[in-house]
């Protein structure tokens, strides 16, 4: 894949990538850094991309790893608030909608959190999610169903 | 119809079922009030979550021009180095063939090549800033 083709395919994904990174890192600036790093790193590793598999899944796996690296560097747990971050300590009715959702997702298990973030913030298909998490597509469907039930229960519990 | 798995409602909602199975689920939803109620609840929650997640999206300030450019710049720098080496080799040949005047001319050419290469490198670094 040539550089021009890579940027042509990547550019339409940047908005969703930013949303996903923001849901993971809870910080707009960190999300932007993660997306920039992943864009460059993806190009550096373009030889590892198998054209028979979905590009979006391959590239979001790189972005996810970059976000995890940044999380480790900041020594941040998923449910914690960062100084200057976007996520409040407690959910209230006044915050932007996405912070409600991230807060509720943060109360679930890591497996459920991840699959919900990939489905709703990254807007990935089942095949793309399977690529990112290296699990079978059938497992994506089952896990997503259970995660949705858990999320609905968590939101009912907090009356959001 | 094959036995119904509740997780298939979730996959049907996402448009991830094969066409034939999707049609079976549609028939189930038409005939089974409990399945229909569960699907309606799931669909409503899904729509709300989808709308919420979209508010997180923003267009990041990502520089895509850097992708691929370093390889082109390395090519330019490599070409400059190769040209310089060729000049040195040519100078060596000329030194063995011609007199002092030619030697001075060759040295001036070499100096000019070095200055041009340096200017080129500085220009590239300035461009990268």
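Here, each number is a calculation from the coordinates, and none is a lab measurement. Bear in mind the structure is a predicted one, so any value in this text is a computation, not a measurement. Positions of Cβ are backbone-derived with ideal geometry, glycine not excepted, and every protein chain shown enters the neighbour counts.
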Can you divide the C-alpha Rg of the stretch A:106-160 by 2.2 N^0.38 Å and report the result to two decimal places? 1.12
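Counting only other chains, and only Cβ atoms inside 10 Å, what mean value do you get across the residues of A:43-55?
The shielding value for this peptide is 1.
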Quick check: from the Cα gyration tensor, does the stretch B:7-48 come out rounded (a/c under 1.5), prolate or oblate? oblate
Could you give the nm distance between label points at residue B:61 and residue A:52, where each point is 7 Å from its Cα heading toward the beta carbon? 4.3
What's the average, rounded to a whole number, of partner chain beta-carbon atoms within 10 Å of each residue's beta-carbon in A:23-32? 1
Per residue Cα convex hull volume for the stretch A:1-60, in cubic angstrom? 74
Between residue B:40 and residue B:26, what is 0.36 nm times their sequence separation minus the Cα-Cα distance? Round to one decimal in nm. 3.8 nm
Final fewest-first order of A:56, A:157, A:28 on the 10 Å Cβ neighbour count is A:157, A:28, A:56
